1. Can you run down the residue pairs with Cβ atoms below 7 Å, 6 or more apart or on separate chains, where the first is in the range 73-84 and closer than 16 Å to residue 129 by Cβ and among the aliphatic types (A, V, I, L, M) and the partner is modelled with pLDDT of 80 or more and surrounded by 15 or more Cβ atoms within 10 Å (Cβ to Cβ)?
2. Take the residues in the range 239-262 that are modelled with pLDDT under 75 and in a helix (DSSP H, G or I), then tell me which one is most open to solvent (accessible area, probe 1.4 Å).
3. Has the range 89-105 got any residue that is within 19 Å of residue 24 (Cα to Cα) and modelled with pLDDT under 80?
4. Could you check, for the range 276-297, whether at least one of its residues is open to solvent by less than 50 Å² (accessible area, probe 1.4 Å), charged (D, E, K, R) and at pLDDT 80 or above?
5. In the range 141-197, what residues are in contact with a Leu (Cβ under 9 Å, 6 or more places away or on another chain), at pLDDT below 75, open to solvent by less than 30 Å² (accessible area, probe 1.4 Å) and outside any loop (DSSP other than H, G, I, E, B)?
6. Picking from 414, 383, which residue would you name as being modelled with pLDDT of 85 or more, in a helix (DSSP H, G or I) and surrounded by 21 or more Cβ atoms within 10 Å (Cβ to Cβ)?
7. Residue 91 versus (1) open to solvent by 60 Å² or more (accessible area, probe 1.4 Å); (2) farther than 22 Å from residue 241 by Cα: which is the lone unmet condition?
8. Could you give me the residue pairs with C-beta distances under 6 Å whose first residue belongs to the range 4-30 and is under 25 Å from residue 51 (Cβ atoms) and modelled with pLDDT under 85, whose second residue is of a type in the set (Gly, Ala, Ser) and open to solvent by 30 Å² or more (accessible area, probe 1.4 Å) wherever it lies, and which are 6+ apart or on separate chains?
Amino acid sequence: MASGWRYRLASVLGTVILAATAVTVVNYPAVQDAFALVPYFGRPAPVVLSNGTLAWATATTLVVVLAALWPVFKPRPRRILDTIILTQKRVVLSMIGLAALGYFNYSYRLPRATLMLTTAFLLVVLPLYMVAIRRRPRSTSRAVIVGDDPETMADILKATDIPILGYVSPPSSFAVGSEPQAERVELSDGGTVESRLDALQSLGGLSRLDEVFVKHDIDTALLAFAETDRAEFFGTLDACAEYGVTAMVHRDHADDVLTAGVGGGDLVEVDLAPWDWQNYIVKRTFDVTFAGLGLLLLSPVIAVLAAAIKLDSSGPVLYSQDRTAEFGETFTVFKFRSMVPDAEAKSGAKLSEEDKGERDPRVTRVGRFIRRTHLDEIPQLWSILVGDMSVVGPRPERPELDVDMDRGADEWRSRWFVKPGLTGLAQINNATGHDPQEKLRYDVEYIRRQSFWFDLKIVVRQIWQVLGDVVTTIF
């Protein structure tokens, strides 16, 4: 992967040079005058920027273009047509961003002719440059097995013809100097999987995984972990995403990952980045805005509810509970208490408060009201504000319930690849944990379709449902 950093440097520097050149060249009076002769597009009159204004316009263009083209800078093998299409899409996105920036803030506005000519220049030149420096797909891959489970290694070796340079595993998995052992599985050529495992070279431990990727120029990592909810597993996925390495798992062991597609064969690719980083930025901005405004506007309601809960029954105002977050980690979620204190401990049940029936005698009078109107969920806006949750995403479950639902729905843990949400596609379609398979189907569909407008649509539908429940409860 030594070529990976060279590609990053060449692609970024090339983009900077070409974008700066484009803005400078199209600012020449001769170019502006020539463009003014073009029917319709050449009007209004051309604008030639002064040196100070030109420097400011160039800097603004570079920032926006580099941000938009960031996915192109990832050192991944690409075909010529894929490189051209991806680069052109990102150029168009950057120019839309520049146009929007100038619309909302005149100080950053590029003249119309400059913006159009720069776009045309980069649409032609930048894809050609990216094609020239692109990483070409190899006819054969350079793969390494990463994991701690010899049996899964055996399944991978039996299923693939990809040349494997060796394996990387935690020190605890195999003693130093020893080779992984597995059951003897007969192969079609008369050999055994065990003999192929014995032939693999140990390339080091997981702490040296990045060095292995770089030193051996690895482009494919075949994951063979016994447990897929451990830090080692998700750390390996993070390293693969950072170094542009394709992560693959055996189809029989793919229940706990988000796969890139159906595909054929026994090995499937892990979808390491279901969303572009721009989606994450827009989503986080929306989360902070929504949660901040929600807490501010609802502060009088929060004060009234807190007083009502204290007057209705003794005990704390808030109820806390551990929920599953991204990659199997946990965080504490808060809700307004709707039951008597220590209700779950008294019942011996493990279901969460929202799973209890409203006729449960442990539910307080205020509790019944705030449940029916969903006002008990307001404190979760704080979890969104601090980044534990998102406004829209797969609904977080209690860790012990996750285990139960994992048994009832294959690929349940694929929901862990994104941040959990206050609401989601499953919630607005009334899919609950009572049918894990249906809930999972909606959650995965959301991950595939996520966008700002899709999130906004889900939020509007959820608010409409909540308002309907409030009206029904009051009247």
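1. Taking only residues 6 or more apart or on different chains, the pairs are 80/131; 84/127; 84/131.
2. That would be 252.
3. Yes, the conditions are met somewhere in the range 89-105.
4. Pass one, the range 276-297, residues open to solvent by less than 50 Å² (accessible area, probe 1.4 Å): 278-279, 283, 286-287, 291-292, 294-295.
Pick out the ones that are also charged (D, E, K, R) and you get 283, 287.
With the extra rule that they be at pLDDT 80 or above, the set shrinks to 283, 287.
Yes, that holds for at least one residue.
5. The answer is 193, 197.
6. Working: 414 fails: modelled with pLDDT of 85 or more.
Exactly one of 414, 383 is modelled with pLDDT of 85 or more, in a helix (DSSP H, G or I) and surrounded by 21 or more Cβ atoms within 10 Å (Cβ to Cβ), namely 383.
7. All conditions are met except number (1).
8. Matching pairs, first to second residue: none at all.
The values are calculated or read from the model by the stated rules, or taken from the named source; none is laboratory data. Here the structure is a predicted model, which means the values were calculated and not measured. Every residue, glycine as well, gets a Cβ built from its backbone with ideal geometry; the counts of neighbours run over all protein chains shown. Ligands, DNA and RNA are excluded from the accessible area calculation, which covers all protein heavy atoms including side chains. Shrake-Rupley method; radii C 1.70, N 1.55, O 1.52, S 1.80 Å.
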